[in-house]
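Each remark here refers to the structure printed beneath this line.
The values are calculated or read from the model by the stated rules, or taken from the named source; none is laboratory data. Keep in mind it's a predicted model, so treat the numbers as computed, not measured. For neighbour counting, all protein chains shown are included, and Cβ atoms are generated from backbone atoms with ideal geometry for every residue, glycine included. Surface areas here come from the heavy atoms of the whole protein model, side chains and all, with no ligands, DNA or RNA. Shrake-Rupley method; radii C 1.70, N 1.55, O 1.52, S 1.80 Å.
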Amino acid sequence: MKKNGFSRDFTLVVIGQIISLFGNAVVRFALPLHLLNISQSPALYGLVSALAFLPLLIMSPLGGVIADRVNKRNIMVVLDFTTAGIILLFLLLSRQVNLVTLILVTLILLFSISGLYQPSVQASMPFLVPEEKLVQANAMINTVSSLAGLLGPVLGGIFYSMKGIHVVLAISMVCFFLSAVMEIFIRIPFVKRETDRGAFRIIFGDLKESVRFIAKSQKVIGKVTVIIAFVNLFISSLLIIGLPVLCTQVLEFRGADPNQMYGYLSGIMAFGGIAGGISAGVLGSRIKIGDTWKLILGVALLMFPMGGILSAVPDMGKYMVLAAGAFLMMLCATLFTVQTMSFIQIKTPGHLIGKVTSWVMAIATCSQPLGQAVYGVVF
């Protein structure tokens, strides 16, 4: 470990995340948007988006158990190769089977893999950086995620408009393959835990131990998780469903493709995430966990001008206000995420990090499918 900087292995994790998350942002942007375009149904769009999230809730706790018992590097490599294979299979089958069903199955598989993948990334942080650098390391990972979210939808929207869904997915497939190759060279400290129990007893015992830790030893982690769940229910779901519907079916852009305009809007949101990640890295520990309620309040207040402007000004003006509001919301949300994840990693013992962070992600995400389904019907 370097004393004055980050280790080589952490740098490789960051580079692998840049490539992998870019591919992920492209495919998660293109597939639901393609579904909305071919079906013209916000209700179906919301329902499919909600159903695709459900495996994430199931697989995240399992991913946490695996992350604490299997070499985290190997998990990331195998899952990135698997994702590339799934996208290749989609390309081969897209003209032979029902497209709505194929999109749903593909999204379910991709979200399942995400549920297994992300606990490994989060659990590796305390093994790659010292405790005093955890906030900066998490800020860097969130910035990378936001950067991928910036470039993915913007470039995805451009290529989708010009070349169609198949070219976009081919680009994404190449990204996952390259990320897997990059991750082969990462070294993450790992000590195999010996046990004489069967697989199901190991999974059940590990999950029970992590739940007991959250419920009894560190109740504050449970409280933070519930707060994140409510934010996902009311805010994240609204943005995920509302913004593409508004851009492609409500607002009119003279001489501009609605899909591209939504891509730009997604990029602006991601740029807000980058600004939030940079701010978190600069501010470091100066933002305390007890002050994060102010960030959530800021996100809530930003909804008022974004909603109020929809009936008052020309469509391009509405678009600009939506973009500004989305940028600021993502800035606040990223600051909140970095602080809470760093707090959880510091409070959690090394052998429980994967399981605890996976429970946090699973519980916090469980409200999002419900919100997406409801907002799809409402819109």
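Summary of computed values
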{"read-out": "Exposure of T225 as accessible area (Å², to 10), given a probe of 1.4 Å and all protein chains", "value": "10"}
{"read-out": "Residues V374 and I346, FRET efficiency given R0 of 51 Å [Cβ-Cβ distance, rounded to 0.05]", "value": "0.90"}
{"read-out": "Accessible solvent surface per residue of region 104-171, calculated while the other protein chains remain in place, 1.4 angstrom probe, Å²", "value": "34"}
{"read-out": "Overall form of the chain per C-alpha gyration tensor (a/c, 1.5; a/b vs b/c)", "value": "prolate"}
{"read-out": "Cβ-defined net charge surrounding M261, 12 Å radius [Lys, Arg +1; Asp, Glu -1]", "value": "-1"}
{"read-out": "Area of L243 that stays accessible when all protein chains are in place (1.4 Å probe, Å², to 10)", "value": "10"}
{"read-out": "Neighbourhood charge, 14 Å Cβ-Cβ cut-off, centred on V13 and excluding it, Lys, Arg +1 and Asp, Glu -1", "value": "+2"}
{"read-out": "Farthest toward positive dipole pole in the chain [+1 Lys/Arg, -1 Asp/Glu at C-beta], among V48, L116, P32", "value": "L116"}
{"read-out": "Sum of -39500 (n - 2.57) over DSSP H runs of 4+, divided by residues of the chain (222 nm, nearest 500)", "value": "-27000 deg cm²/dmol"}
{"read-out": "Order of exposure, largest accessible area first, which applies to S39, S179 with probe 1.4 Å", "value": "S39, S179"}
{"read-out": "Simple label model, 7 Å out from Cα along Cβ direction - L88 to A215, nm", "value": "4.4"}
{"read-out": "In sequence order, calculated HN-Hα J values of region 323-331 (Karplus, 6.51, -1.76, 1.60; Hz; x Gly/Pro)", "value": "5, 5, x, 5, 4, 5, 5, 5, 4"}
{"read-out": "For region 307-322, 3J(HN,Hα) per residue [Karplus equation, 6.51 cos²θ - 1.76 cosθ + 1.60, θ = phi - 60°, Hz, x = Gly/Pro]", "value": "x, x, 6, 5, 10, 10, 9, x, 4, 5, x, 4, 4, 5, 5, 4"}
{"read-out": "Mean Cβ count within 10 Å, highest first, over the residues of peptides 17-24, 297-304, 55-62", "value": "17-24, 55-62, 297-304"}
{"read-out": "Amide proton proximity set for N71, modelled H, under 5 Å, gap of 5+", "value": "none"}
{"read-out": "Within a Gaussian network of the chain (alpha carbon springs, distance under 10 Å), most fluctuating of G63, G290, G273", "value": "G290"}
{"read-out": "Label point 7 Å beyond Cα of A170 along Cβ direction - residues of region 11-53 with amide nitrogen under 11 Å", "value": "none"}
{"read-out": "Largest-first ellipsoid semi-axes for region 301-379, taking √(5λ) over the Cα gyration tensor eigenvalues, angstrom", "value": "35, 17, 7"}
{"read-out": "Accessible carbon and sulfur surface of the chain relative to its total accessible area, %, 1.4 Å", "value": "70"}
{"read-out": "Residue with peak Gaussian network fluctuation, the chain [Cα springs, cutoff 10 Å], from G354, G205, G64", "value": "G205"}
